[in-house]
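Before any comments, here is the structure.
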Amino acid sequence: MSVSSEVFETSDVVRLLDELIGSSQLRPGDRLPSIRELADRFGVKAGLVRDGLLTAQARGMVRILPRVGAIVESTEEAESQGRRPAAADLGEAFSDLVGQSDRNLFHILETREALELSMTAKATQRRELSELYRLREILAAMVQLPPEGCCERYAELDVEFHLEIGRLSGNSVMQTLLRSLLVDVRPHLDRIQWSDDRRVRANESHARIYSALAAGDADAAESEMRLHIREAYDSLLDQMRIPPQPIADSRGSAGE
């Protein structure tokens, strides 16, 4: 049953996801319906569901796995005390604070850069090759996407790539803050025109980051991550140089 009259923004999707988990008696590890199924159920666009799932992941409600989808997430502490993890509470508070104080995308990107460079260095220092399996799987999925279309899916995988590096850093607080920042960045990633050349450059950049992590070279990994984030920053700056265009009148000029 469609509930579109109740859904206006990401927070509404998160609320409905929480209600769905409770009403369906889903347990940690259970898989949620696909994004398409959730969009049909909630009566909203798939992009809004994706943003809602990312926010729900930042709050510790679900975990998004490549080629699997979203599964119900929990921790031993949350299960035993009947509440969300402290890091998830911090992530929600951080999101609320940013929303109230500063919505400047470029300030968010600068904060993300400082945070992610530190996380990349930590991930390299403590990495085990066996722990890179999931990161490699995400990278393979990005490379294998067809060149035409799939922009939203590519942006989704890009977010998952960076979140997985955050997980490898071993710092759950920094990981939760990064998730919160990427929720704000994600809609802008969706609007980037992923030309074949841009996607090739992004894939090569991700591959260099991965290789540096696999080699345990923290300096190289940090340097490649800095270049990677700055390219996204510059792409958004390029968009700022172009003034907004009026929406074309679909009624045409007949009868004028």
- Item | Pick from region 108-121, criterion surrounded by fewer than 19 Cβ atoms within 10 Å (Cβ to Cβ) and charged (D, E, K, R), ranking: nearest to R179 (Cα to Cα) | E113
- Query: How many residues does region 144-174 contain that are β-branched (V, I, T) and either at pLDDT below 80 or over 15 Å from I209 (Cα atoms) (or both)?
  - Reply: 1
- Within region 220-238, can you find the residues that are under 15 Å from N203 (Cα atoms) and free of Cβ contacts under 8 Å to residues at least 60 places away in the same chain? E224, L227, H228, E231
- Of L139, L115, L105, the only residue that is touching a Phe, Trp or Tyr at 6+ places or on another chain (Cβ under 7 Å), on the phi < 0 side of the Ramachandran plot and either at pLDDT 60 or above or not hydroxyl-bearing (S, T, Y) (or both) is L139
- Give region 124-158 a look and list any residue that's over 15 Å from H206 (Cα atoms), part of a helix (DSSP H, G or I) and touching a residue at least 40 places away in the same chain (Cβ under 8 Å), or say none. Q125, R126, L129, C151, E152
- Yes or no: S180 surrounded by 20 or more Cβ atoms within 10 Å (Cβ to Cβ), more than 19 Å from V68 (Cα to Cα) and either out of contact with any Leu (no Cβ under 8 Å at 6 or more places or on another chain) or free of Cβ contacts under 8 Å to residues at least 12 places away in the same chain (or both)? yes
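The values are calculated or read from the model by the stated rules, or taken from the named source; none is laboratory data. Source: prediction; values computed, not measured. Because the Cβ atoms are built from the backbone with ideal geometry, glycine has one as well, and the counts that use them run over all protein chains shown.
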